[in-house]
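Participant: This is the structure I have questions about; it appears just below.
Nothing in this text is a laboratory measurement; each read-out follows from the coordinates by a stated rule. None of the values given here were measured: they were computed from a predicted structure. Reconstructed Cβ throughout: ideal geometry from the backbone, glycine too, with neighbour counts over all protein chains shown.
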Ligand SMILES: N[C@@H](CCC[C@H](N)C(=O)O)C(=O)O
């Protein structure tokens, strides 16, 4: 018997997500179903999917349940699983606020990258769909040793390997257009540097503490924003600029323009990184479980 499955659509700086609230983890979402839901022509459309599950009801999150009631079961648009999504966790928090599971202020969210601390700023009062920025404690960046290089067509650039829970290669370029159309993933070298694939950021300077980026995301293609990517870019820029907070003892703040908006990233002397930006719910509806069954078949 077919049933109706609730969904919402939301975005953070135009990194957009299908949101599937499923507190008891009752909706089966194999990779093909996620890819079908994220399909922009035959599905609902999104760079990724946020499966909203109570931590206690998900085998990957049970041990975080005492600290964080809700688990962000994040999937890329192609159905693959990723460790973390920085824009996703803000949109996830916005959904919890709208659904009455959270209020303005502090909140803990379980992710595959561990428990993230979120702060929902006081907004103008639009029912919790878009008001006020959301700040996420993104944890510390890891900077694996070793040179990496990324390439598009005939061009290649040295890149910084930055891990924000998920893998990134950050390349400073002369012109964002040099990254081309990004319809296919940029190449990277050495071949073994990213055994699980990589998100690639192309960065230009806009001014002191101010950069702009484009990104090709593992599992999603070029997107209009990537939160973990913006953090990786801010860390790479701070190291390049001699502004490593662990060395200077002062926080480093970068404004990161993405095609879909602006994120503000601060790295503290203890290495903890905070990201602030908008999160918006734009629609909600239902789809028929029979459609999803057809996709799985
Ligand atoms: N857009 C996200 C990152 C999503 C995961 C990424 N595609 C990966 O596979 O690592 C963000 O905002 O961080």
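Participant: Can you give the extra length, in nm with one decimal, that the chain gains between residue 80 and residue 176 once fully stretched, where that is 0.36 nm per residue apart less the Cα-Cα distance?
Facilitator: Length difference between fully extended and current span is 31.8 nm.
Participant: Using only the Cα atoms of the chain, each taken as one equal point scatterer with no solvent, compute I(q) by the Debye sum, divide by I(0), and report log10 of the ratio at q = 0.08, 0.10, 0.11 Å⁻¹.
Facilitator: Debye curve over Cα of the chain, log10 I(q)/I(0) at q = 0.08, 0.10, 0.11 Å⁻¹: -0.33, -0.51, -0.62.
Participant: So, one more: Express as a percent, rounded to the nearest 5, the fraction of DSSP beta bridges in the chain (both residues included) that run antiparallel.
Facilitator: 80 percent
Participant: May I pose another question? So, in Å, what gap is there between the alpha-carbon centers of region 1-67 and region 220-273?
Facilitator: Measuring centre to centre over Cα atoms gives 28 Å.
Participant: Output the direction-averaged projected area (hull surface divided by four) of the convex hull of the alpha-carbon atoms of region 239-288, in nm².
Facilitator: 5.6 nm²
Participant: On a 0 to 90 degree scale, rounded to 10, what angle separates helix 86-98 from the longest Cα axis of the chain?
Facilitator: For helix 86-98, the angle is close to 30 degrees.
Participant: Suppose R0 equals 22 Å; then what is the FRET efficiency for residue 154 and residue 191 from their Cβ-Cβ distance, rounded to the nearest 0.05?
Facilitator: 0.70
Participant: In nm², what is the average projected area of the convex hull enclosing the Cα atoms of region 132-184?
Facilitator: Projected area, direction-averaged: 5.7 nm².
Participant: Continuing with the same structure: Report P(r) for region 41-94: all Cα-Cα distances, bin width 5 Å, range 0 to the bin holding the largest distance, values in whole percent.
Facilitator: The distribution over region 41-94 is 5, 19, 26, 25, 15, 6, 3, 1, 0, given as percents.
Participant: Using the reciprocal of the averaged 1/r over all distinct C-alpha pairs, how large is the Kirkwood radius of region 1-45 in Å?
Facilitator: 11.6 Å
Participant: Separate question: Give the Cα extents of region 148-277 along the principal axes, in whole Å, largest first.
Facilitator: Between the extreme Cα coordinates on each principal axis of region 148-277 lie 40, 30, 24 Å.
Participant: Given that compact globular proteins tend to follow 2.2 N^0.38 Å, what is the ratio of the alpha-carbon Rg of region 7-130 to that value?
Facilitator: For region 7-130, the normalised Cα radius of gyration is 0.99.
Participant: Quick one: Cα convex hull volume of region 97-199, Å³ per residue?
Facilitator: 160 Å³
Participant: Calculate I(q)/I(0) for region 200-280 by the Debye formula, one identical point scatterer on each C-alpha and no solvent, and give its log10 at q = 0.13, 0.14 Å⁻¹ to two decimals.
Facilitator: Log10 I(q)/I(0), no solvent term: -0.36, -0.42.
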